[in-house]
1. Conditions: (1) under 20 Å from residue 204 (Cα atoms); (2) open to solvent by 10 Å² or more (accessible area, probe 1.4 Å); (3) over 20 Å from the mean Cα position of the chain (by Cα). Residue 65 meets all but one. Number of the miss?
2. Could you please give the count of residues in the stretch 68-100 that are more than 12 Å from the ligand (Cβ to nearest atom), crowded, with 24+ Cβ neighbours inside 10 Å and either of a type in the set (Asp, Glu) or within 28 Å of residue 38 (Cα to Cα) (or both)?
3. Give me the residue from the stretch 114-135 that is free of Cβ contacts under 8 Å to residues at least 60 places away in the same chain and open to solvent by less than 20 Å² (accessible area, probe 1.4 Å) and, out of that set, farthest from the chain's Cα centre (by Cα).
4. Check 241, 183, 173 and return the single one that is aromatic (Phe, Trp, Tyr), touching a Cys at 6+ places or on another chain (Cβ under 6 Å) and modelled with pLDDT of 95 or more.
5. Among (1) touching a strand residue (DSSP E or B) at 6+ places or on another chain (Cβ under 6 Å); (2) open to solvent by 40 Å² or more (accessible area, probe 1.4 Å), where does residue 23 come up short?
6. If we keep just the residues of the stretch 236-251 that are in a helix (DSSP H, G or I) and open to solvent by 10 Å² or more (accessible area, probe 1.4 Å), which is farthest from residue 355 (Cα to Cα)?
7. Against the definition (among the hydrophobic types (A, V, I, L, M, F, W, C), touching a Lys or Arg at 6+ places or on another chain (Cβ under 9 Å) and open to solvent by 30 Å² or more (accessible area, probe 1.4 Å)), how does residue 44 come out, yes or no?
8. Tell me the residue from 372, 323, 347 that is under 15 Å from residue 84 (Cα atoms), open to solvent by 50 Å² or more (accessible area, probe 1.4 Å) and hydrophobic (A, V, I, L, M, F, W, C), please.
Amino acid sequence: MRIRLNNLGRLHANLKADFISAFERVLDSSAFIQGEEVRRFENAFSNYIGVENCVGLANGTDSLEIGMQALGIGVQDIVLVPSLTFVATAEAVVRCGATPFFVEVDPETLCVNEETLRKAIEESPKPPRAMIVVHLYGRACPMGEIIRLATKQNILVIEDCAQAHGARLQEKFVGSFGEVGSFSFYPGKNLGALGDAGAATTKHRDLAEKIRLLRDHGRSEKYVHQIVGRNSRLDSLQAAFLSEKLKHLPKWTLRRQEIATLYRTELQNSKGLQLLAEAVEPQSHVYHQFVIRVQSERRDELVKFLSSQEIETIIHYPLPVHLQPAFQRSLRAKNLDHTELAAQEVLSLPMDPLLTDKEVLEVTMAVRKFFL
Ligand SMILES: *Cc1c(COP(=O)(O)O)cnc(C)c1O
């Protein structure tokens, strides 16, 4: 492929020297587990998000699960989750013993909002204990109205920020609105490690302590285990690599937003495709993906055509979670039509911070040519 969906090789080529010196720091210290590098990254990331506590974890799925566990969510509890998301969001609910209830999305943004959540609360067989809002594709969900609804209904809010590092609403970052913010640093995410990694953010100090215990065998000191935990520690090497990449994140985010603007300008009048709603504020969308919608009968043809032009695309996600074999019998909203239609129509175009204007124009010209 000449134009990759997310060209990590190109991104990392420029950072090779920084990664090597980070590797040497860890190697020379022999502190491979926990230690200074993990603390250093946790501090840097919590400063960036503007939330008091950050706990490094093994991956983003664990951070959802451990975050819920720390909040006391478990058997008997219903947790609202969107169905248009990566499977991990719902999986974490099941893993912590609770039951997911699948919520519809707003057709304009493909994120949950006050209205779809309210409907789900009404339809739920009993009052939900919590909700996971997913800032899908990097777009911040409308947190003002969501927090108001949740507070009124006494529902805990967990934010799945796996795709939205740095997205903010009036200067407040996602991951600082709910009880817990869950981040993934899977390599392809806006901030990605060189392997698996994740983190949980929270304004509550006691909750952060609980998460720290849970990630490390419930250990308060050597061979003293306060609670039954597990091993979900953030690797020191990954923490060191992440510290190097975090320095570049603000600049990378701005470039993603620039690329999205160029895509919109070039595609807004094209026949045959639809753009999602514009971001309510420029900083509220960090474009993990730039997603267009194409009538389902033509989507596969477009994918093939772009691929013949050596342009890589992907579908996020072809099958909503409530239709996955593993979740066939799960609780769900009566109506998930927008979710099901979106799954048939969405297509993610190439997006990475080093994508050039020339490459973006090549993509948009190819898309327009297809619909001529
Ligand atoms: C990537 C992702 C996760 C899972 O993160 P991992 O680090 O791969 O475990 C969870 N939710 C969403 C929305 C994601 O995109």
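1. Condition not satisfied by residue 65: (3).
2. 2
3. At the first step, the residues of the stretch 114-135 found to be free of Cβ contacts under 8 Å to residues at least 60 places away in the same chain are 114-115, 117-118, 121-122, 126-129, 131, 133-135.
Cutting the leftovers down to open to solvent by less than 20 Å² (accessible area, probe 1.4 Å) gives us 117, 128, 131, 133-135.
Details: 117: 19, 128: 22, 131: 15, 133: 10, 134: 7, 135: 6 Å.
Within the stretch 114-135, the match that is farthest from the chain's Cα centre (by Cα) is 128.
4. Details: 241 fails: touching a Cys at 6+ places or on another chain (Cβ under 6 Å); 173 fails: touching a Cys at 6+ places or on another chain (Cβ under 6 Å).
Result: 183 is the single residue among 241, 183, 173 that is aromatic (Phe, Trp, Tyr), touching a Cys at 6+ places or on another chain (Cβ under 6 Å) and modelled with pLDDT of 95 or more.
5. Answer for residue 23: the failing condition is (1).
6. Taking the stretch 236-251 as the starting set, the residues that turn out to be in a helix (DSSP H, G or I) are 236-246, 249-251.
Of the ones still in play, those that are also open to solvent by 10 Å² or more (accessible area, probe 1.4 Å) are 237-238, 241, 243-244, 246, 250-251.
Details: 237: 28, 238: 25, 241: 22, 243: 23, 244: 20, 246: 19, 250: 16, 251: 13 Å.
Checked the stretch 236-251; the qualifying residue farthest from residue 355 (Cα to Cα) is 237.
7. Numbers: among the hydrophobic types (A, V, I, L, M, F, W, C): yes; touching a Lys or Arg at 6+ places or on another chain (Cβ under 9 Å): yes; open to solvent by 30 Å² or more (accessible area, probe 1.4 Å): yes.
It is true that residue 44 is among the hydrophobic types (A, V, I, L, M, F, W, C), touching a Lys or Arg at 6+ places or on another chain (Cβ under 9 Å) and open to solvent by 30 Å² or more (accessible area, probe 1.4 Å).
8. Working: 372 fails: under 15 Å from residue 84 (Cα atoms); 347 fails: open to solvent by 50 Å² or more (accessible area, probe 1.4 Å).
That would be 323, the only listed residue that is under 15 Å from residue 84 (Cα atoms), open to solvent by 50 Å² or more (accessible area, probe 1.4 Å) and hydrophobic (A, V, I, L, M, F, W, C).
The values are calculated or read from the model by the stated rules, or taken from the named source; none is laboratory data. None of the values given here were measured: they were computed from a predicted structure. Reconstructed Cβ throughout: ideal geometry from the backbone, glycine too, with neighbour counts over all protein chains shown. Note: areas computed on protein heavy atoms with side chains; ligands, DNA, RNA excluded. Shrake-Rupley method; radii C 1.70, N 1.55, O 1.52, S 1.80 Å.
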